[in-house]
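So the structure is just underneath, and the comments pick up after that.
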Amino acid sequence: MTARILYGKEFAAKIREEARREAERLRRETGVTPGLAVVIAGHDPASEVYVRNKHKACDELGLFSLAVELPETATREELLAKIDDLNHDERIHGILVQLPLPKALAAAESEVLFRIDPAKDVDGFHPVNVGRLSIGEAALVPCTPAGCVRMLELAGIPIDGARAVVIGRSNIVGKPMMNLLLQRSATVTVCHSHTKDLAAITREADILVAAVGRPGFVTADMVKPGATVIDVGINRVAPKKLVGDVDFEAVSEVAGAITPVPGGVGLLTIAMLMQNTVTAAKLQMTK
Ligand code: NDP
């Protein structure tokens, strides 16, 4: 079998188009343009590229975007004060703090993220949003898992009643992915580094999500024929070479559908950030 390849570009374009249309409707009906603030402290080159891409995406969709740049030497108090300003800024509906923070601020990461007004928390990391997701209330959901699930829906891959296995239990990928799949009535198993006989569990999956951070971790013998395999992993194996967590060549001979790396899930994350910014604006308008 040769798997259907789920290219992120195709689905990201659809998600962006949905966000653009919703933003346009909101503007027409309320006069409000959804706005995103991206806060970056220091000069990490990779982070600067990510931030530029986020502003570019906002421009393309007609969203307002604000770059908030703090020096490497910014203090915890300065960063928290900036978040407070943005929480009160009516132009801003979504706030994102680019991670990682500079070393001197790393210990304050949770405090900084939890200072963001939950209604503006477009990364979905605030405990209020985590809680709302887990009890099935309207919530802002972390962009990567939200993008993966939207892609499954757009691709017409059934989730209701499917056996889903998620490898990885992080707060930004594994756990929200579990909740999103459960909400859509999949039967979900979450695996991690203490899981025994992992391959026996993954071989039962109709939908297998790998969020481990180890190149080539999922091999063909771990995959049920015809399964959908979502590879969230991003692993740099050489200066210019990225690979996922799945042995793409071998697994694509067994799976029914598979996401490539690069060119798969990674492209969905910014698209979903745009969608989350529009959703945040809509939720704030209806309050
Ligand atoms: P974490 O390191 O936070 O979590 C990795 C998870 O994998 C942990 O739960 C860990 O288990 C589990 N794990 C590690 N080794 C094994 C093993 N041998 N068997 C089973 N489970 C194992 O990573 P993240 O969730 O943040 O990210 C995962 C990957 O996704 C990374 O490659 C990251 O770069 C990528 N990523 C991609 C994004 C995108 O936009 N496409 C966005 C976010 C992440 P335990 O909890 O027991 O330690």
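The values are calculated or read from the model by the stated rules, or taken from the named source; none is laboratory data. Keep in mind that this is a model prediction, so the values were computed, not measured. Don't worry about glycine lacking a Cβ; one is built from the backbone with ideal geometry, like all the others, and counts go over all protein chains shown.
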Positions within the range 215-226 being away from the ligand (no atom under 14 Å from the Cβ) and either touching a residue at least 60 places away in the same chain (Cβ under 8 Å) or assigned to a strand (DSSP E or B) (or both), in sequence order = P225, G226
query = Of the conditions (1) in contact with a strand residue (DSSP E or B) (Cβ under 8 Å, 6 or more places away or on another chain); (2) in a helix (DSSP H, G or I); (3) in contact (Cβ under 8 Å) with a residue 12 or more places away in the chain, P176 fails just one. Which one is it?
reply = (1)
Test: G263 is at positive phi and either touching a Phe, Trp or Tyr at 6+ places or on another chain (Cβ under 9 Å) or not assigned by TED's automatic domain parsing to the domain that holds A57 (or both) = yes
Scan of the range 170-214 for residues that are more than 11 Å from the ligand (Cβ to nearest atom), small (G, A, S) and within 20 Å of the chain's Cα centre (by Cα), ordered by number = A186
message = Tell me yes or no: at least one residue of the range 30-44 is in a helix (DSSP H, G or I) and free of Cβ contacts under 8 Å to residues at least 12 places away in the same chain.
response = no
inquiry  = Every residue in the range 131-143 that is surrounded by 20 or more Cβ atoms within 10 Å (Cβ to Cβ) and assigned to a helix (DSSP H, G or I), please.
reply    = L133, C143
query = Out of curiosity, is V243 touching a Lys or Arg at 6+ places or on another chain (Cβ under 9 Å), more than 24 Å from L140 (Cα to Cα) and within 12 Å of the ligand (Cβ to nearest atom)?
reply = yes
inquiry  = Just checking, does the range 90-103 include any residue being modelled with pLDDT of 95 or more, within 16 Å of the ligand (Cβ to nearest atom) and over 16 Å from the mean Cα position of the chain (by Cα)?
reply    = yes
query = Do you know which residues across the range 150-166 are away from the ligand (no atom under 12 Å from the Cβ), buried (at least 24 other Cβ atoms within 10 Å of the Cβ) and in a helix (DSSP H, G or I)?
reply = L152
inquiry  = Just to be sure before I move on: is F125 under 19 Å from the mean Cα position of the chain (by Cα), under 24 Å from V49 (Cα atoms) and not small (G, A, S) in the structure I sent?
reply    = yes
ask   = Does any residue in the range 75-91 that is under 25 Å from L283 (Cβ atoms) come within less than 6 Å, Cβ to Cβ, of a residue that is of a type in the set (D, E, K, R) and in a loop (DSSP other than H, G, I, E, B) six or more places away or on a different chain, and which pairs are these?
value = N87/D117
query = Within the range 62-94, which residues are under 24 Å from G31 (Cα atoms) and in contact with a Pro (Cβ under 8 Å, 6 or more places away or on another chain)?
reply = L63, F64, H93, G94
inquiry  = Please go through the range 81-113 and give me each residue that is outside any loop (DSSP other than H, G, I, E, B) and either exposed (fewer than 14 other Cβ atoms within 10 Å of the Cβ) or outside the structural domain of E48 (by TED's automatic domain parsing) (or both), ordered by number.
reply    = A81, D84, D85, H88, K103, A106, A107, S110, E111
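What residue, of V209, V190, V229, is assigned to a strand (DSSP E or B) and touching a Lys or Arg at 6+ places or on another chain (Cβ under 7 Å)?
So the residue among V209, V190, V229 that is assigned to a strand (DSSP E or B) and touching a Lys or Arg at 6+ places or on another chain (Cβ under 7 Å) is V190.
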note = Those residues of the range 18-62 which are in contact with a strand residue (DSSP E or B) (Cβ under 6 Å, 6 or more places away or on another chain), closer than 27 Å to T286 by Cβ and of a type in the set (A, V, I, L, M) amount to L36, A37, V38, V39
